1. Only one of (1) in contact with a Gly (Cβ under 8 Å, 6 or more places away or on another chain); (2) in a loop (DSSP other than H, G, I, E, B) fails for ARG179. Which number is that?
2. Collect the residues in segment 228-267 that are in a loop (DSSP other than H, G, I, E, B), within 20 Å of VAL298 (Cα to Cα) and open to solvent by 10 Å² or more (accessible area, probe 1.4 Å), keeping them in residue-number order.
3. Enumerate the pairs (first residue in segment 23-36 and modelled with pLDDT under 90; second residue anywhere and open to solvent by less than 10 Å² (accessible area, probe 1.4 Å) and β-branched (Val, Ile, Thr)) with beta-carbon separation below 9 Å, excluding pairs fewer than 6 apart on the same chain, so at least 6 apart or on different chains.
4. Condition first: at pLDDT 95 or above, within 18 Å of the chain's Cα centre (by Cα) and within 13 Å of the ligand (Cβ to nearest atom). Can you find one or more residues in segment 86-93 that meet it?
5. So which residues in segment 169-178 are within 15 Å of the ligand (Cβ to nearest atom), touching a residue at least 12 places away in the same chain (Cβ under 8 Å) and open to solvent by 30 Å² or more (accessible area, probe 1.4 Å), if there are any at all?
6. Going through segment 132-150 one residue at a time, which ones are more than 19 Å from the chain's Cα centre (by Cα), within 14 Å of the ligand (Cβ to nearest atom) and either charged (D, E, K, R) or under 26 Å from LYS52 (Cα atoms) (or both)?
7. Among residues belonging to segment 74-92 that are touching a Ser or Thr at 6+ places or on another chain (Cβ under 9 Å) and open to solvent by less than 40 Å² (accessible area, probe 1.4 Å), point out the one that is nearest to ASN111 (Cα to Cα).
8. Select from segment 19-43 the residues that are closer than 26 Å to ALA172 by Cβ and more than 10 Å from the ligand (Cβ to nearest atom) and write down the one among them that is surrounded by the fewest Cβ atoms within 10 Å (Cβ to Cβ).
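The values are calculated or read from the model by the stated rules, or taken from the named source; none is laboratory data. Please read all numbers here as calculations on a predicted model, not as lab measurements. Note: ideal-geometry Cβ built from the backbone for every residue, glycine included; neighbour counts use all protein chains shown. Surface areas here come from the heavy atoms of the whole protein model, side chains and all, with no ligands, DNA or RNA. Shrake-Rupley method; radii C 1.70, N 1.55, O 1.52, S 1.80 Å.
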Amino acid sequence: MRAEVAAVTDWSCPRRAGVDALNYRHAFHAGNFADVHKHSVLVRIVLHLRLKPAPFRIIDTHAGAGGYDLFAPEPIRSPEWRAGIGRLWEASAEEFPPALAPYLDVVKAFNPDGALRFYPGSPLIAAALLRPGDRSIACEIEPGAMEWLAKALRNRVNTKAVAIDGWTALGAYIPPKERRGLILIDPPFEDANEFSRLPEALSAAYRKWPTGIYMLWYPIKERAAPDALARRLRRCAISNVLRSELLLCPPRAEGGLIGSGLVLINPPHTLEQDLGTFMPALAKLLSPRATVRTDWLVRPGRSGGQRAVEC
Ligand SMILES: C[S@@+](CC[C@H](N)C(=O)[O-])C[C@H]1O[C@@H](n2cnc3c(N)ncnc32)[C@H](O)[C@@H]1O
């Protein structure tokens, strides 16, 4: 992995005037508490997939730029990573949750000098954990981020960067031929419709591939939108839906991101217990006021049933 990391020497991911289609830039947020939550669960799921010899596929619908230089202008202006991966990096062995060691090992592999400088995004984290027969597809629509993503993945034979709308990819690429794997859905939540389109998009994907693992990330700024999402998912004809939330503090009058949420459909059977063990320890590392929640929106074997609606 080290040689490939070395090939990506500039991850500053500059914005190109007149080319970028979207405002969201993950470079400002790379390695923050929400990335730590999302990526530590991502690693747990991929490690679970690796337990069986049969190959699997990861489809990352909103992949971002691939990797991030934590000392580029964006994170210097807004060093969110210091309160995220920075805390894990500095944690003592006693306070560090053992279940997060494989995640930290992936981040360490991208920082062979021993100082934290590069943060791998979801496509590079996934790529680092693939076995020779496994595959991943990373989708990105913003041209600037796509250029960097293609660069970051160029030496990875079993990983493909595709310039495609992630919502289109969700319909087009599933079910994958391996019939095993993970769909990561991590949209930027730039527009107000993003929350409301999720149950419908997830339901359509689930109908096409009911046995896939789905992991959806959502921001928590207040309770209304995440709670409405949970209510709608409870009424969909989807079974086996686990929720994991990490809250740094109660909602603030001035707004802003105060928490990170994950919806996990068909999670590995060990994940609920796993989350129960490492999430409280992770929360403690991130902030003394942080709290966590792990609960089933729909238990395995159940679904909206008679009440199930088009989502
Ligand atoms: C939250 S970031 C992704 C972070 C990445 N998954 C990670 O964990 O490292 C969301 C990305 O989605 C991209 N994006 C926005 N709308 C998209 C769409 N419709 N299809 C694909 N990518 C999109 C944005 O340009 C941005 O890079």
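1. Condition not satisfied by ARG179: (1).
2. Of everything in segment 228-267, those that are in a loop (DSSP other than H, G, I, E, B), within 20 Å of VAL298 (Cα to Cα) and open to solvent by 10 Å² or more (accessible area, probe 1.4 Å) turn out to be ALA237, SER239, ASN240, ASN266, PRO267.
3. none
4. No, every residue in segment 86-93 fails to be at pLDDT 95 or above, within 18 Å of the chain's Cα centre (by Cα) and within 13 Å of the ligand (Cβ to nearest atom).
5. GLY171, TYR173
6. GLU147
7. This residue is LEU88.
8. VAL19
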